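Chemist: Sharing a structure below in structure tokens format, with a few things to ask.
The values are calculated or read from the model by the stated rules, or taken from the named source; none is laboratory data. All of these numbers come straight from a predicted model, not from anything done at the bench. Methodologically, a virtual Cβ is constructed for each residue, glycine included, from the backbone with ideal geometry; neighbour enumeration extends over all protein chains shown. All accessible areas refer to the heavy atoms of the entire protein, side chains included, with ligands and DNA or RNA removed. Shrake-Rupley method; radii C 1.70, N 1.55, O 1.52, S 1.80 Å.
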Amino acid sequence: MKAQGIVHKYGDNVDTDVIIPARYLNTADHKELAAHCMEDIDADFVKKVKAGDIIVGGDNFGCGSSREHAPIAIKASGIDCVIARTFARIFYRNSINIGLPILECPEASEKISDGDKVSVDFDTGIITNETKGEKYQALPFPDFIKDIMAKGGLMNSLTGK
């Protein structure tokens, strides 16, 4: 599995309330959630993001309430991967459950800039900053998580879809 795209970079403690504001939690429609993704921290996010892009965050990305809507909104917006220094544990698990690849990598979080072109190899954990000609090493996904990702989420992997 691989991802490649342009980076949208955010700082520390990006919480689920700014990823998808609570006023939109009355819908389960993934496209509707995507239309409001990040709007309280970056009003132009949905206009800028292209399919395959990557979010890079700092410490504690996805903190706050344990809403599954947050990784769903990110994935439905077209983001192929989130890289951060650290993730809130419930956000990490929710992301895996819905098939959104996420990688912890302090060096990548620090050195990658907004607008950089980045590629990610999930089998090796290597993150390549094509803009700066740098490589960073994250832990690759174990096989069981690769299987969940390849099948689009936990429920699909359990039902054999």
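Chemist: From the list 83, 79, 72, exactly one residue is of a type outside the set (Phe, Trp, Tyr), in a helix (DSSP H, G or I) and touching a Leu at 6+ places or on another chain (Cβ under 8 Å). Which is it?
Modeler: Of 83, 79, 72, the one residue that is of a type outside the set (Phe, Trp, Tyr), in a helix (DSSP H, G or I) and touching a Leu at 6+ places or on another chain (Cβ under 8 Å) is 72.
Chemist: Going by what's in this entry, would residue 74 be described as modelled with pLDDT of 95 or more and more than 19 Å from residue 33 (Cα to Cα)?
Modeler: Here the answer is no, as residue 74 does not meet what is asked.
Chemist: Go through the range 76-86 and report how many residues are in contact with a Gly (Cβ under 6 Å, 6 or more places away or on another chain) and open to solvent by 10 Å² or more (accessible area, probe 1.4 Å).
Modeler: Qualifying residue count for the region: 2.
Chemist: Inside the range 115-161, can you point out the residues that are hydrophobic (A, V, I, L, M, F, W, C), open to solvent by 80 Å² or more (accessible area, probe 1.4 Å) and either in a strand (DSSP E or B) or closer than 18 Å to residue 92 by Cβ (or both)?
Modeler: 139, 144, 155
Chemist: Restricting to the range 1-58, what's the tally of residues that are open to solvent by 80 Å² or more (accessible area, probe 1.4 Å) and assigned to a strand (DSSP E or B)?
Modeler: Looking only at that region, the number is 2.
Chemist: Hey, can you tell me all the residues within the range 59-70 that are surrounded by 24 or more Cβ atoms within 10 Å (Cβ to Cβ) and under 14 Å from residue 106 (Cα atoms)?
Modeler: The answer is 61, and nothing else.
Chemist: Among the listed residues 100, 33, identify the single one that is among the hydrophobic types (A, V, I, L, M, F, W, C) and over 13 Å from the mean Cα position of the chain (by Cα).
Modeler: 33
Chemist: Assess whether residue 28 counts as being small (Gly, Ala, Ser), modelled with pLDDT under 95 and within 18 Å of residue 100 (Cα to Cα).
Modeler: Yes.
Chemist: With the requirement that a residue be open to solvent by less than 30 Å² (accessible area, probe 1.4 Å) and touching a residue at least 60 places away in the same chain (Cβ under 8 Å), what does the range 89-114 give you?
Modeler: 91, 101, 112
Chemist: So residue 73 ticks every box in (1) open to solvent by 10 Å² or more (accessible area, probe 1.4 Å); (2) within 14 Å of the chain's Cα centre (by Cα) but one. Which box is left unticked?
Modeler: (1)
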